[in-house]
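Below: the structure, in structure tokens.
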Amino acid sequence: MDWNRVEGNWKQVKGKVKEQWGKLSDDDLTTINGRRDQLEGKIQERYGYQKDQVRKDVDGYNRQTW
């Protein structure tokens with residue numbers, strides 16, 4: 001699914017995101033509001049991952065799940 005569809009379906013997608021990245025709070029998910037850059041930044045912040053790793057993880061999860 002392309003990211004525009006993720007943004008448009010954020011209410012449905014955020015539950016799956018929460019399952020994958022459980023350290024993200026409900027407030028984080030509300031703030032992210034479907035924006036990929038915000039999602040990647042919060043994952044980096046909560047998990048301490050490098051930017052390249054987060055981008056790869058989000059791409060892989062996007063292709064498999066959404």
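The values are calculated or read from the model by the stated rules, or taken from the named source; none is laboratory data. As the structure is a prediction and not an experimental result, all values here were calculated from the model. Backbone-built Cβ (ideal geometry, glycine too); neighbour counts: all protein chains shown. For accessibility, only protein heavy atoms count, side chains too; no ligands or nucleic acids. Shrake-Rupley method; radii C 1.70, N 1.55, O 1.52, S 1.80 Å.
Brief remarks follow.
- Residues satisfying the stated conditions in the stretch 35-66, i.e. touching a Lys or Arg at 6+ places or on another chain (Cβ under 8 Å) and closer than 14 Å to Lys11 by Cα: Trp66
- Residues that are assigned to a loop (DSSP other than H, G, I, E, B) and under 11 Å from the mean Cα position of the chain (by Cα) within the stretch 22-48 comprise Gly22, Leu24, Asn33, Gly34, Arg35, listed in sequence order.
- A Cβ distance below 9 Å, combined with a sequence gap of six or more or placement on separate chains, defines the contacts here; from the stretch 46-59, residues that are over 16 Å from Arg35 (Cβ atoms) and open to solvent by 100 Å² or more (accessible area, probe 1.4 Å) reach residues that are modelled with pLDDT of 95 or more and not hydroxyl-bearing (Ser, Thr, Tyr) in the pairs Gln50/Gln44.
- When residues of the stretch 1-31 are limited to those that are among the basic types (Lys, Arg) and without any contact (Cβ under 8 Å) to a residue 24 or more places away in the chain, the one most open to solvent (accessible area, probe 1.4 Å): Lys11
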